[in-house]
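What follows is calculated from the coordinates using simple rules that are stated; it is not laboratory data. If you're wondering where the values come from, they're calculated on a predicted model, not measured in any experiment. Neighbour counts run over all protein chains shown; Cβ positions are idealised from the backbone, glycine included.
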Amino acid sequence: MTIDTGAGSRTAHPASSAEAARAPHTTAQSASSAGAARALDLLDGPVTDTTLRRYLEGIPGVDAVGLEQRAASLGTRSIKTSSKKLALDRVIELIDLTTLEGSDTPGKVRSLVAKAITPDPSDPSCPQVAAVCVYGDLVPVAIEALGAHHAPRAKAHGVTGISVAAVATAFPSGRASLAVKLADVADAVAAGADEIDMVIDRGAFLAGRYGEVFEQIVAVKEACRRKDGDDAHLKVILEVGELVTYDNVRRASWLAVLAGADFIKTSTGKVTSNATLPVTLLMLEVVRDWHRMTGEKVGVKPAGGIRTSKDAIKYLVTVAETAGEEWLQPHLFRFGASSLLNDVLLQRQKIRTGHYSGADYVTID
Ligand SMILES: O=C[C@H](O)COP(=O)(O)O
């Protein structure tokens, strides 16, 4: 079943220039990023609460039954045993290995980094993960522990390294002033974070204050700029479990993409409902449609509650069938997960040796 993603909205819901001209406050006037510029183009006028609401609320509603049926059908696709090891290796390469606990210590981050670099010490062919994801204050610890494996240093030697992602903007609630959020981002970027995982203000979004959410994303994107011109990549967490409806997830995805997100991410992992296959499918459809409209590629990161290889492979199939196989690369797709890697290592070991190893084969996280 084809899911209507609202891609036709570009022409179906242009902002009225006259109304936009009357608007007292325009977000784009106070933000000069490419995100604001492309929203101006799409909305055919200044970015305001009114024009954003008109655009986002004009996007056709999600066919929930169709979406869930499509996700379920993609989830039942089998892959050949011969392809399974390749798929598991790809899953590892796409993981943001995460620790986001109040009790995190430098020692825990060093252990996480050691595992990120060498997930399976008994198998040198095991790939490394894409990134480690930590709270901002632990970025220097992660960078020091990565040493030559840190992505920018590795790149200088022509090899692929591991990035450091920091959650910021008053993660996970997002309840703080914009000044506090920007200081949080600036700290992490100054400490050397390669990627910033920000949360949107769900309260503002649900109250219909789309301009405020847009403006915050634009401002955070600006704060991701480094003096050397090499930006930290911005992942925008929608916290889908708090957005309640698929329609809201679709609107928030479009809003984040319009504002300049490099990635849209489902969840913090801190609420009851986190990543699901249908919601990730919906977000993949948005980035697919944005790519068709503009040629720009935006990444997707399901996060929270993805713990088994079986589930991770369902996500790979869904990505390939929705956005295309091209998206199965670390710059366009990630799994945000704390314990998925352990299960993938056990499954790899089973393929390699023909039997499952004991629980002590993987580290206890
Ligand atoms: O962003 C990543 C999540 O916080 C990880 O969630 P998880 O512990 O359920 O895998």
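Evaluate Rg over Rh across the chain, taking Cα atoms for both radii and Kirkwood's formula for Rh.
0.97
Could you tell me how many degrees, from 0 to 90 and to the nearest 10, lie between the Cα long axis of helix 210-223 and the main elongation axis, the longest principal axis, of the Cα atoms of the chain?
The two axes meet at around 50 degrees.
If I take every Cα pair under 8 Å that is 6 or more residues apart in segment 62-361, average their sequence separation and divide by the length, what percent do I get for the relative contact order?
Result for segment 62-361 is 18 percent.
With springs connecting C-alpha atoms under 10 Å apart, model the chain as a Gaussian network and identify which of Ala252, Ala166, Ala71 has the largest mean-square fluctuation.
Ala71
Before anything else, pin down the relative contact order of segment 239-346: Cα pairs under 8 Å, at least 6 apart, normalised by residue count, whole percent.
Averaging sequence separation for qualifying contacts and normalising by length gives 26 percent for segment 239-346.
If we count every other residue with Cβ under 11 angstrom of Lys310's Cβ, Lys/Arg +1 and Asp/Glu -1, where does the sum land?
+1
Could I get the Rg over Rh figure for segment 72-176? Both from C-alpha atoms, Rh via Kirkwood, rounded to two places.
1.05
What FRET efficiency comes out for the pair Ala176/Arg77, r = Cβ-Cβ distance, R0 = 45 Å, nearest 0.05?
Plugging the Cβ-Cβ distance into 1/(1 + (r/R0)^6) gives 0.60.
How long is the gain from Arg209 to Asp89 if the chain were fully straight, where each residue apart is worth 0.36 nm and the alpha carbon distance is subtracted?
39.0 nm
Restricting to DSSP H runs of at least four residues, report the calculated mean residue ellipticity at 222 nm for the chain, -39500 (n - 2.57) per run over all residues, nearest 500 deg cm²/dmol.
Computed ellipticity for the chain at 222 nm equals -14500 deg cm²/dmol.
In whole Hz, what ³J(HN,Hα) sequence does segment 348-355 give by Karplus (6.51, -1.76, 1.60; θ = phi - 60°), x for Gly and Pro?
4, 4, 5, 5, 6, 10, x, 9
Could you tell me the center-to-center distance, by alpha carbons, between segment 205-284 and segment 104-174 in angstrom?
23 Å
Given a 10 angstrom Cα cut-off, can you work out which residue in Val271, Val257, Val139 is the most mobile in a GNM of the chain?
Val271
Among Thr308, Thr76, Thr48, which one shows the highest mean-square fluctuation when the chain is modelled as a Gaussian network with alpha-carbon springs under 10 Å?
Comparing Thr308, Thr76, Thr48 in a Gaussian network model of the chain, the most mobile one is Thr76.
Quick check: pseudo-label points 7 Å beyond the Cα along Cα→Cβ at Thr160 and Val65, how many nm apart are they?
The two pseudo-label positions are separated by 4.2 nm.
Please list, or write none, the aspartates and glutamates whose alpha carbon is within less than 17 Å of the alpha carbon of Lys314, excluding same-chain residues fewer than 8 places away.
Glu68, Asp89, Glu93, Glu285, Glu325, Glu326, Asp343
Can you give me the Kirkwood hydrodynamic radius for segment 251-342, using every pair of distinct Cα atoms, in Å to one decimal?
Answer for segment 251-342: a Kirkwood hydrodynamic radius of 13.2 Å.
Can you list residues whose amide H is under 5 Å from Lys265's amide H, if they're 5+ apart or on another chain and H is modeled 1.01 Å from N?
Those lying under 5 Å, H to H, from Lys265 are Val236, Ile237, Leu238, Lys301.
Can you tell me which aspartates and glutamates have their Cα less than 15 Å from the Cα of Lys108? Leave out same-chain residues fewer than eight positions away.
Result set, ordered by chain and number: Asp137, Glu144, Asp365.
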